[in-house]
Each structure stands twice: as C-alpha cells, then as structure tokens.
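First up is the structure itself, then whatever we jot down about it.
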Amino acid sequence: MIGIFGLRRADAAAPVDLVEFAATLPARLRAECESGVGTAIGVARHPAGFEGGHAASADGAVSVVVTGAIFNGAELAGGAPVTGAADLIAQLYLAGRLDRLSDANGQFAAALHDRRNRRLVLITDRLATTAIHVWRRGGEIAFATQ
C-alpha cells in the first residue's frame with residue numbers, strides 16, 4: 001500500500017497507535033505515522049519517492065500526510081516558502097485558505113489533523129483521482145487511499 005491512512009477514535013482521550021499497522025507494510029516502503037490521542041494519521045511511500053510526505057506546524061498542533069503531488073505549490077503559497085505538498089496544505093489550513101486547493105495542479109489525497117479543534121479533514125484533488133476510502137461506525141473513522 002502506498003498512500004495515506006488513519007484512525008479516529010470515538011473517545012477523544014483514547015490512545016491511537018498506528019505502529020502495528022505500519023509493521024504490516026512491505027519492507028520496501030517507509031511509513032511515517034503519528035501516534036496520538038483520539039486520532040492518528042500516517043503515510044506509506046517509497047523511501048526516495050516523489051509521492052507525498054508528512055508535515056506538522058511548528059507547535060505540532062496541525063499535522064498533514066499526503067500521497068501524490070501538487071505541482072504549483074509555490075503559486076498557491078503566495079510566495080511563502082514550502083517544502084512539499086504536506087507543508088503547503090498545513091500552511092493553507094493555518095491561514096484559513098484551504099479553498100486555494102481548488103486551483104491545485106496535481107493528483108493527491110491528504111489527511112489533516114488539527115489537535116486543538118479535534119478536527120480530521122480528508123482532502124482529494126478536484127478530480128478525485130486518488131480515492132479516500134472511509135469506514136465509519138459508532139463515532140469512529142478509519143480511512144486509507146488503498
């Protein structure tokens with residue numbers, strides 16, 4: 001599996017650890033996961049791959065994982081330096097400008113976790129090229145792109 005994945009518990013205080021899930025991935029892939037309380041998100045990708053990444057705000061309150069790419073990130077950032085699609089999405093969210101992603105050129109899916117507001121935002125490109133599969137029951141949400 002190359003893509004994003006995560007779990008949000010119904011209980012905001014419940015620990016969530018994706019390490020066991022990440023351990024099931026083939027050895028050729030690298031997983032970047034954040035374990036946490038209430039919600040955890042992760043991305044699986046090739047070690048030297050171009051297909052996404054992980055970023056967090058300076059205070060760690062907002063985390064983003066992305067699979068795919070956004071090719072006009074510098075334009076969408078309005079001149080602010082960006083280090084990749086995950087960083088761009090975090091910056092746009094913190095500025096209240098996620099709407100700018102409607103102008104993104106690329107194929108991508110992302111998950112954004114805002115710890116302060118206990119918000120999980122699932123995002124895909126305007127053509128929904130990369131589907132995000134979601135399972136919901138009893139206040140819990142599990143998602144993955146593959």
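The values are calculated or read from the model by the stated rules, or taken from the named source; none is laboratory data. For clarity, every value in this text was computed on a predicted model and none was experimentally measured. So basically every Cβ, Gly included, is an ideal-geometry build from the backbone, and we count neighbours across all protein chains shown. Remember, those area values only see protein heavy atoms, side chains included, never the ligands or the DNA or RNA. Shrake-Rupley method; radii C 1.70, N 1.55, O 1.52, S 1.80 Å.
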Scaled by the rule-of-thumb 2.2 N^0.38 Å, the alpha carbon Rg for the range 1-68 gives a ratio of 1.11
If the viscosity is 0.692 mPa s and the temperature 37 °C, what translational diffusion coefficient in µm²/s does Stokes-Einstein give for the chain when Rh comes from Kirkwood over Cα pairs?
216
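Taking the mean number of other Cβ atoms within 10 Å as a proxy for protection, how do you rank 102-109, 83-90, 129-136 from highest to lowest?
On the way: 102-109: 17.0, 83-90: 22.8, 129-136: 13.1.
By packing density, highest mean first, the sequence is 83-90, 102-109, 129-136.
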How high is the relative contact order of the range 17-113, in percent, with contacts defined as C-alpha pairs under 8 Å that are six or more residues apart?
24
Compute from the Cα atoms of the range 75-146 the Rg and the Dmax, the latter being the longest Cα-Cα distance, and quote both in angstrom.
13.2, 43
Share of accessible surface on carbon and sulfur in the range 62-146, whole %, 1.4 Å probe and ligands ignored, is 50
For helix 85-94, what angle does its Cα long axis make with the longest principal axis of the chain, in degrees from 0 to 90 and rounded to 10?
90
Sort the following peptides by mean Cβ neighbour count (other Cβ atoms within 10 Å, averaged over residues), highest first: 4-16, 63-75.
63-75, 4-16
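What number comes out for accessible area per residue over the chain if the probe is 1.4 Å? Units Å², please. List each step's numbers first, then the result.
Values: 7410 Å² over 146 residues.
Accessible area per residue: 51 Å².
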Using a simple spin-label model with points 7 Å from Cα along the Cα→Cβ vector, what separation in nm is obtained for Glu75 and Val134?
2.9
Hey, if you put +1 on the Cβ of every Lys and Arg and -1 on every Asp and Glu Cβ in the chain, which of Leu112, Ala77, Ala27 ends up farthest toward the positive end of that dipole?
Leu112
Roughly how many nanometres apart are two label points built 7 Å out from the Cα toward the Cβ at Gln146 and Leu25?
1.0
